[in-house]
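I'd like to ask you about the structure that follows.
The values are calculated or read from the model by the stated rules, or taken from the named source; none is laboratory data. The structure presented is a predicted model; accordingly, all values stated were derived computationally and were not measured. Cβ placement follows ideal geometry from the backbone for every residue including glycine, while neighbour counts extend to all protein chains displayed. Areas reflect the complete protein model, heavy atoms only, side chains present, ligands, DNA and RNA absent. Shrake-Rupley method; radii C 1.70, N 1.55, O 1.52, S 1.80 Å.
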Amino acid sequence: MLITTPAIVISSVKFGEADLIVKCFTKTEGLKSYILKGILKSKKGKFRAAYFQPLTLLEITANHKNKGTLEYLLDAKVSRAYKTLHSQVVKTSLVLFLSEILRQCIVEEEKNEKLFDFLEQAFTWLDENESIANFHLLFLLKLSDFLGFYPDTSSMELPVFNLEEGVFQNDVTTIYCIQTNNENPLFKKLFGINFDELNGLKPTKKEREACLQMLLLYFQLHLQGFKTPKSLSVLNQIFN
C-alpha cells in the first residue's frame, strides 16, 4: 500500500556496514520501521542520514506491506527544519532523553493522530524557545494523558499523591505515595499550564530533580517494561 504521511523519527540504528533501521511514528499509520540500504556510504542517494536524527519532522512516502516486517521508504523530506534542536548542547541532550522515552512508550502499530499532533507541537516549541529547563517535566505529564494514565485531578487539593493509583489522597498508604506539598511542591504546579507558562516556574535544582524522578517512577508503574533512560545522568548534569 502506497502512503504519504507526516512522520516523526523516533530512533535510527546502524545495521551492517551502511544501512540504517529507522523507526518513525507516522500520523496516519502509527509506528513503522524502515530499512534504508546503503545510506551511510552513498553520497548520491535520495536520502541523507541527517534526515533521520531523533525527533526530526518528516513528510514521507512509503510502500507498506503491513506484515510486521521492515517497510521501505520511497521518498522523505524534512517538513520543518529545526533551528536549534540538533545543534545546541542542552537541547540535543533533551532530544536524546525524549527519544528514549518515546521508544519505550510508543510500541503499538496503531495510529494516534492526537498524540502525533501533540509531539509535533511540543518539539516545535522546544526548538523555538530558550527557557527549557522544565520542559521535559511538563512533557512527561502531558504525555501520560495520551498514554492513558494521566493523574486524576478531582482531589488535587489533598496533600499526598499515590503513584500506583494515580490519585491524590489524604494519607501515605504505600511506599509509592509522595507528599506533594513539601516533598515535591513542583509536581502540582505542572497541572493546568502550557509550555508558554513554564517560565513562571522557578524551582530549585533539587525540586526539579525530585519531580523528574517522581514522573519516571510513575511511568515505570504504569508502563510495562519501562526503564529509566540511560541519558538521564547527562540530562541531570546539564540542568543541575
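Tally up the carbon and sulfur contribution to the accessible surface of the chain as a whole percent, 1.4 Å probe, everything protein left in place. Display every interim value, and only then the final one.
Numbers: 5950 of 12110 Å².
Ligands and nucleic acids excluded, carbon and sulfur give 49 percent.
If I model a spin label as a point 7 Å beyond the Cα along the Cα-Cβ vector, how far apart are those points for Ile3 and Phe226 in nm?
The two pseudo-label positions are separated by 2.5 nm.
Another one. If Lys and Arg each add +1 and Asp and Glu each add -1, what is the summed charge of the other residues whose beta carbon sits under 12 Å from the beta carbon of Leu147? Walk me through the numbers before you get to the answer.
On the way: positive: Lys114, Lys142; negative: Glu108, Asp145.
Surrounding charge for Leu147 is 0.
Once you list every other residue whose beta carbon is under 13 Å from the beta carbon of Ser93, what net charge do they have if Lys and Arg are +1 and Asp and Glu are -1?
Values: positive: Lys91, Lys230; negative: Glu100.
Neighbourhood net charge equals +1.
Now for a different question. What number comes out for the charge environment of Asn181, summing +1 per Lys or Arg and -1 per Asp or Glu over other residues with Cβ under 15 Å away? Mind dumping the intermediate values first?
On the way: positive: Lys188, Lys189; negative: Glu157, Asp171, Glu183, Glu207.
That works out to -2.
Can you give me the accessible area per residue for the range 106-179, using a 1.4 Å probe, in Å²? Before the final figure, lay out the partial values.
Numbers: 3610 Å² over 74 residues.
Value for the range 106-179: 49 Å² per residue.
Which of the peptides 7-17, 53-63, 227-237 is most tightly packed, and how do the rest follow, going by the mean number of other Cβ atoms within 10 Å of each residue? Before the final figure, lay out the partial values.
Numbers: 7-17: 17.2, 53-63: 19.5, 227-237: 14.3.
Top to bottom by mean Cβ count within 10 Å: 53-63, 7-17, 227-237.
Run the dipole for the range 100-147 about the Cα centre, Lys and Arg Cβ at +1, Asp and Glu Cβ at -1, nothing else charged, and hand back the magnitude in debye, nearest 20. Mind dumping the intermediate values first?
Numbers: 4 positive and 11 negative charges, 35 e Å.
Using only the charged Cβ atoms, the result is roughly 180 debye.
Rounded to the nearest whole Å³, what is the per residue volume of the convex hull around the Cα atoms of the range 1-149? Walk me through the numbers on the way to the answer.
Working: hull volume 16.1 nm³, N = 149.
Looking at the range 1-149, the number lands at 108 Å³ per residue.
Give, rounded to the nearest 20 debye, the magnitude of the charge dipole that the range 90-170 has about its Cα centre when Lys and Arg contribute +1 at Cβ and Asp and Glu contribute -1 at Cβ.
Here the size comes out at about 200 debye.
Moving on. Out of every Cα-Cα pair in the range 66-165, what percent are more than 21 Å apart?
Numbers: 2436 of 4950 pairs.
I get 49 percent for the Cα pairs in the range 66-165 exceeding 21 Å.
Then there's this: Looking only at the chain, where both bridge partners belong to it, what percent of the DSSP beta bridges are antiparallel (to the nearest 5)? All intermediate terms of the calculation are to be shown ahead of the outcome.
On the way: 35 of 37 bridges.
Expressed as a percentage, antiparallel bridges in the chain total about 95.
Could you order the peptides 67-80, 180-193 from most to least packed, using the average number of other C-beta atoms within 10 Å per residue?
180-193, 67-80
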